[in-house]
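**Student:** Sharing a structure with you now.
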Amino acid sequence: MLRMNMFVQLWKSLYSPKDIARFRFQGIGKTIGYVFLLTFLSILPMAYYLTTSFVEGIRNTSALLQNELPSFTIENGQLHSSAKEPVHIDQHGFTIIFDSTGQVTKEDVERFNNAIGLLKHEAVLIANHQSQYYSYSAFPDVKITDKDVHSFIETLQSLLPVFIPLLFIIIYLFASASKFIGICILAFFGLILRSTLDKKLQYRHTWIMSAYSVTLSTVFFAVMEALQTAVPYAAFIHWFVSIVVLFLAMKEVPSSRPHNE
């Protein structure tokens, strides 16, 4: 059992608290490797949609800057152009909003799944519901024109083969750190459950069991991400499911019994 393939462990962790209880005897190194594998698989849908949205956004922005948007300058922390009203362009599920009048807010841009907003005082990038803001005031003494932006985008396009893997690594490291922190917290809940259930377990046992107990929730949210389906109260559902699975797994551990001689 302890030499079981990690993918088999992942499969069994989806439905078998008894197997999760048995995993508590395996080495901590293999469990850490399992957490890295689980995290890697779980971020694939998000990383795919994020990178494709980003690449498509860069490509569309480059074309639209040349053909659709008016000439503009960014100077003294503000966007200036001859446009008298906001320009709103939808193309293949990607939205570009250009507004030098100040009528559009960043909250308006955030309503879209994938969008770029060049607003009066800041630029807003939305990729797969993830928002980034860039204030023009960060460059108070620099004058930027549409030609400068187009040149920058062309440079960015040429760097995509380097930037995309780097972005994936950053996402993976952040997600892994979050997963390990969550497992450590769940393992402390396991110590509380240990006393309630009268189980003879150490923290290393509850940590290993917690690593496998988060599998069901992690896979569920990865599938929902792949289907582009928002789940309300996601954090609550994750913790509730993980704690329930850990509880069921700990019930499979033999109870400690007092010695009566």
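The values are calculated or read from the model by the stated rules, or taken from the named source; none is laboratory data. Note that the structure is a prediction, hence the values are computed from the model and not measured. In this analysis, Cβ positions are derived from the backbone assuming ideal geometry, glycine residues included, and neighbour counts consider all displayed protein chains. For accessibility, only protein heavy atoms count, side chains too; no ligands or nucleic acids. Shrake-Rupley method; radii C 1.70, N 1.55, O 1.52, S 1.80 Å.
**Student:** So for segment 138-154 (the condition being in contact with an Asp or Glu (Cβ under 7 Å, 6 or more places away or on another chain) and open to solvent by 70 Å² or more (accessible area, probe 1.4 Å)), does at least one residue qualify?
**Tutor:** Within segment 138-154 (the criterion being in contact with an Asp or Glu (Cβ under 7 Å, 6 or more places away or on another chain) and open to solvent by 70 Å² or more (accessible area, probe 1.4 Å)), the answer is yes, since at least one residue qualifies.
**Student:** Return the only residue of Ala211, Ala187 being touching a residue at least 60 places away in the same chain (Cβ under 8 Å), crowded, with 18+ Cβ neighbours inside 10 Å, under 20 Å from Thr39 (Cα atoms) and over 16 Å from the mean Cα position of the chain (by Cα).
**Tutor:** Ala211
**Student:** Sort out which residues of segment 195-208 are assigned to a helix (DSSP H, G or I) and open to solvent by less than 70 Å² (accessible area, probe 1.4 Å), and write them in order of number.
**Tutor:** Once the filter is applied, which keeps residues that are assigned to a helix (DSSP H, G or I) and open to solvent by less than 70 Å² (accessible area, probe 1.4 Å), segment 195-208 yields Leu197, His205, Thr206, Trp207, Ile208.
**Student:** What residue, of Lys30, Lys84, is assigned to a helix (DSSP H, G or I) and at pLDDT 85 or above?
**Tutor:** One residue alone meets the criteria, Lys30.
**Student:** Just one of the numbered conditions (1) under 20 Å from Ser16 (Cβ atoms); (2) among the aromatic types (Phe, Trp, Tyr); (3) in contact with a Phe, Trp or Tyr (Cβ under 7 Å, 6 or more places away or on another chain) is not true of Tyr172; which one?
**Tutor:** Looking at each condition in turn, Tyr172 falls short on (1).
**Student:** Of the conditions (1) in contact with a Leu (Cβ under 7 Å, 6 or more places away or on another chain); (2) farther than 30 Å from Gly77 by Cα; (3) charged (D, E, K, R), Lys199 fails just one. Which one is it?
**Tutor:** The single condition Lys199 does not satisfy is (1).
**Student:** Which count do you get for residues in segment 64-89 that are surrounded by 13 or more Cβ atoms within 10 Å (Cβ to Cβ) and either on the phi > 0 side of the Ramachandran plot or in contact with a Ser or Thr (Cβ under 6 Å, 6 or more places away or on another chain) (or both)?
**Tutor:** 8
**Student:** Looking at Thr61, Thr52 in this structure, which one is open to solvent by less than 30 Å² (accessible area, probe 1.4 Å), at pLDDT below 90 and not basic (Lys, Arg)?
**Tutor:** Checking each option against the conditions leaves just Thr61.
**Student:** Working only within segment 147-166, note down all residues that are more than 15 Å from Leu118 (Cβ to Cβ), part of a helix (DSSP H, G or I) and hydrophobic (A, V, I, L, M, F, W, C).
**Tutor:** The answer is Leu156, Leu160, Val162, Phe163, Ile164, Leu166.
**Student:** Could you run through segment 90-102 and say how many residues are in a loop (DSSP other than H, G, I, E, B) and either among the hydroxyl-bearing types (Ser, Thr, Tyr) or surrounded by 19 or more Cβ atoms within 10 Å (Cβ to Cβ) (or both)?
**Tutor:** Summing the residues that are in a loop (DSSP other than H, G, I, E, B) and either among the hydroxyl-bearing types (Ser, Thr, Tyr) or surrounded by 19 or more Cβ atoms within 10 Å (Cβ to Cβ) (or both) in segment 90-102 gives 3.
**Student:** List the pairs whose first member sits in segment 128-140 and is modelled with pLDDT under 85, whose second member is aliphatic (A, V, I, L, M) and not in a strand (DSSP E or B), and whose Cβ atoms are under 6 Å apart, counting only residues at least 6 apart or on separate chains?
**Tutor:** Every condition considered, the pairs that remain are Asn128/Leu50.
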